[in-house]
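Reviewing the structure listed below.
We did not get these values from a lab; they are worked out from the coordinates using the rules stated. Keep in mind that this is a model prediction, so the values were computed, not measured. FYI the Cβ positions are ideal-geometry reconstructions off the backbone, even for glycines, and counts take in every protein chain you see.
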Amino acid sequence: MLSFVAIDKDEEYSSNCFIYSLNKIIYFNNPGPSNATDEGKQDVDNKSGKGPENVFWKDGGPLPPNGTYYICFSQYSFKSNASLSNPIAATVIVTYSSNTVLTYTKNFTSYYRDYTDRDTSSTGFLYSVSYP
């Protein structure tokens, strides 16, 4: 099993989480499970509130591919966009089948709404992890 849970600090509005599995992307327009998501699944696109948005591979199901996974964050609908004076905190919780849990939080200080860029230097990059 491998799972990602993404939340943000804003309870009134929505953000999006994008998980890149090798050269495939799991997000609201491609929730899986299918070959297009390496059999990973996003269970819900939370459009109101702080999340969570969950992406996972079930125990007993197809295994996630070995490699590096990139987690990106995009502001969808906020009362005010992220800025230096109004940072938006996004958190991802990664759980491995070994019950190893990693938690990472990043403050975003500029508006970003692109899900096609998984470059670690891009504004929307949140975190990356290796599997297994």
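Numbers below:
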| quantity | calculated |
| --- | --- |
| For Leu63, distant residues with modelled amide H under 5 Å away | none |
| Protection proxy ranking, peptides 105-111, 17-23, average beta carbon neighbours within 10 Å, highest first | 17-23, 105-111 |
| Computed E for Leu63/Ser122 - FRET, C-beta separation, R0 41 angstrom, nearest 0.05 | 0.90 |
